[in-house]
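Down below is the structure, laid out as structure tokens.
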Amino acid sequence: MKKIRWGIRIELLLLAAAGCVYLVREVRTERQTDNLFIQQENEEYQESIEVSADGNFIKWVDFNITSEAMGKAYELDVDSYEDDIHVDWIELLSYVGAKHGGKFDKKSVSEIEETAKKIRAGETDIEELTKDMEYYDYYKEAYSAVLDGMVGEFSLETKAEGETGEEKVWKNYYGLKAFSPIAKGFEYNHYDDFGSSRSYGYKRVHLGHDMMGQIGTPIIAIESGYVEALGWNQYGGWRIGIRSFDKKRYYYYAHLRQNFPYNKELEVGSVVTAGDVIGYMGHTGYSTTENVNNIEVVHLHWGLELIFDESQKESNNEIWIDCYELTKFLYRNRSETVKNEETKEWNRVYDMKDPVVEEYRVKK
């Protein structure tokens, strides 16, 4: 009997040992698979970065900068604009991006702040900080493609001091000259829906940002540019495509209002200034027939395509970025509008003079 008991114990120990060996092998295999996946992911990412270094155009951009990081870098840029040492917000963001592989978190804000402090004190400069960074040039080019047209000098109409009527004066500014796509005073809801699935027409992912609101909400030009597309698209319904003057950014505004989608003065080729009312929120689209409301929820879909080479514009290599954090950042600048009861159009209250608009008109 004792021999049987000992035999059972030995068998159980052997089974336990075999189980441990199996688990170790499984864990090792899983880790090896994970490591291989991460390695492949890194290789693909580095390949996209190295494209720029070879003198070719960038083929992929992950825009993961938080609104808080953008906000802090922007404020430091504006605060130092008239100082002897001016810190550039895109350079600050590119430095942190290159240092951490494009990842931004809660610590990024303090890192941006500390970096700017050292630069402004003359302890270092961006060239010294980035001289050994292999991918800084990539991040600088990629982030510049997104943000270049958003900060600079401009003139804005403001209410004259001490006036209570309609008297306005022009003032010069340096700062944020890009706007939220939703007019001031109009409520909306949104969440990060970039990359979620879509099934109408064919299976595809969502390459934009949805902002849910009320029918007729005025839609605002985020950046100054010219109208490149205007009309019906079976996926986007009534939509507007606006190209930045440097041609690096294509802004796509879709699902506009049935029967009254656009500012009536707009046509292909029209020049718009950031902050202008360009259209109205609706839920058109998902139909080959024009002017149909087939979208269930009233919302604006806006997307931002980056174009490093004209061959990318309408190809299998289009670069659309996640605009959720950018939308949060742009909330700090919303265009105030007023309705013309005769024409039923909404117009901005305070006009803006953007130097790039005048430059484009002169060249044209």
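The values are calculated or read from the model by the stated rules, or taken from the named source; none is laboratory data. Remember, predicted model here, so these are calculated numbers, not experimental data. Here the Cβ positions follow ideal geometry from the backbone for every residue, glycine too, while neighbour counts run over all protein chains shown. The accessibility values were calculated without ligands, DNA or RNA, using every heavy atom of the protein model including side chains. Shrake-Rupley method; radii C 1.70, N 1.55, O 1.52, S 1.80 Å.
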Roll a 1.4 Å probe over the protein chains and send me the accessible area per residue for the range 213-364 in Å². 44
I'd like to compare 267-280, 168-181: which one has the highest average count of other Cβ atoms within 10 Å, and what's the full order after that? 267-280, 168-181
Share of the range 70-120's accessible area from carbon and sulfur, percent, 1.4 Å? 43
Quick one: Cα centre-to-centre distance for the range 240-259 and the range 114-155, in angstrom? 28
For the range 104-158, accessible area per residue (1.4 Å probe, heavy atoms of protein chains only), Å²: 54
Karplus-derived 3J(HN,Hα), 6.51/-1.76/1.60, for each residue of the range 314-321, Hz, glycine and proline x: 10, 8, 7, 10, 6, 10, 10, 10
Dipole magnitude (debye, nearest 20) for the range 254-364, charges at Cβ of Lys, Arg, Asp, Glu: 320
What is the gain in length, in nm to one decimal, between Lys364 and Glu342 on full extension, counting 0.36 nm per residue of separation less the C-alpha to C-alpha distance? 4.6 nm
If you roll a 1.4 Å probe over the range 167-296 with all protein chains in place, what percent of the accessible area is carbon or sulfur? 45
With charges set only on the Cβ (+1 for Lys and Arg, -1 for Asp and Glu), what does the dipole of the range 80-158 come to about its Cα centre, in debye to the nearest 20? 480
Per the rule of 0.36 nm per residue minus the C-alpha distance, extending Tyr81 to Lys168 adds in nm 28.7 nm
Tell me the carbon and sulfur percent of the accessible area for the range 298-357, rounded to whole percent, probe radius 1.4 Å. 44
The ³J(HN,Hα) series, computed from each phi in the range 352-364 with the Karplus coefficients 6.51, -1.76 and 1.60 at θ = phi - 60°, rounded to the nearest Hz and given as x for glycine or proline, is 10, 10, 9, x, 5, 5, 5, 4, 5, 5, 5, 5, 6
